[in-house]
Amino acid sequence: MFKLLEAHLEKHKEKKEMRESMQSLIDESTITVKFILFSILSGLIAALGIMMDNVTILIGAMLIAPLLIPVISLSVGVGAGSIKLISHSIKSLTIGMLLALGSSMLMTVIVAPAEINRDIYASFGDTYLYAIVAFIAGVVAVYSWFKPKMNQVIPGVAIAVALVPPIAFAGTIIVLKNQYWLADVLQLIFINLGGIFLGGLLTFLTFAFVSKRPTLEVEKQVHIEVEKKEK
């Protein structure tokens with residue numbers, strides 16, 4: 001009797017945690033004034049960090065950038081087969097990246113540096129290692145997001161995967177007309193995004209296999225939350 005009651009309470013607790021995690025995920029990945037502002041500010045700060053060759057400033061840009069959250073929600077959306085969440089995530093991610101790119105270009109125009117340190121470009125060279133880091137970061141991001149006591153590690157994941165610096169670097173070299181580097185930088189951006197997405201997707205599918213039916217819970221919660229945002 002007590003075991004059945006305990007199992008019921010545990011199941012109820014898991015459902016509640018799933019609902020709260022999904023609500024938070026959709027809220028944080030929605031295009032709001034905060035999302036727009038932080039995307040712009042992260043691009044401005046990252047561009048300054050690149051032009052000043054200052055790693056500390058780049059870390060600050062990584063911490064405030066909201067771009068990681070839409071990638072997490074995209075992984076969850078694909079894993080759950082939720083068209084609404086997929087479209088919601090792609091829209092937010094695209095706009096966030098364009099804002100970061102545009103603001104970094106604007107800052108480069110304002111500061112007008114003669115050149116930037118080539119060592120920064122050299123640090124983007126080992127793309128296969130960045131792919132491994134991004135994949136692991138995606139695993140950690142999705143796992144910690146759905147484990148309420150572990151979600152404080154998300155800022156660390158944002159620093160590890162470094163989504164904003166390559167975007168800001170792309171904006172800077174576009175303005176400075178150093179297109180020689182552009183293809184490699186764009187490749188790194190998509191490797192980072194792909195690595196996070198695949199790591200997050202694999203983790204969510206593992207959750208789905210273990211808990212039997214989280215995809216139904218996700219689809220239900222997505223429908224509720226996205227409908228709220230559209231009103």
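Quick note: the coordinates plus some simple rules give every number you see, no bench work behind them. None of these values were measured; they are calculated from a predicted model.
Remark: segment 93-102, residue by residue, has Karplus-estimated 3J(HN,Hα) of 5, 4, 5, x, 5, 5, 5, 5, 5, x Hz, where x stands for each Gly or Pro and the curve is 6.51 cos²θ - 1.76 cosθ + 1.60 at θ = phi - 60°.
Give, in nm to one decimal, the length gained when the segment between Thr206 and Lys177 is fully stretched (0.36 nm per residue of separation minus the Cα-Cα distance).
Working: separation 29, 0.36 × 29 = 10.44 nm, distance 4.47 nm.
Working it through step by step, the gained length comes to 6.0 nm.
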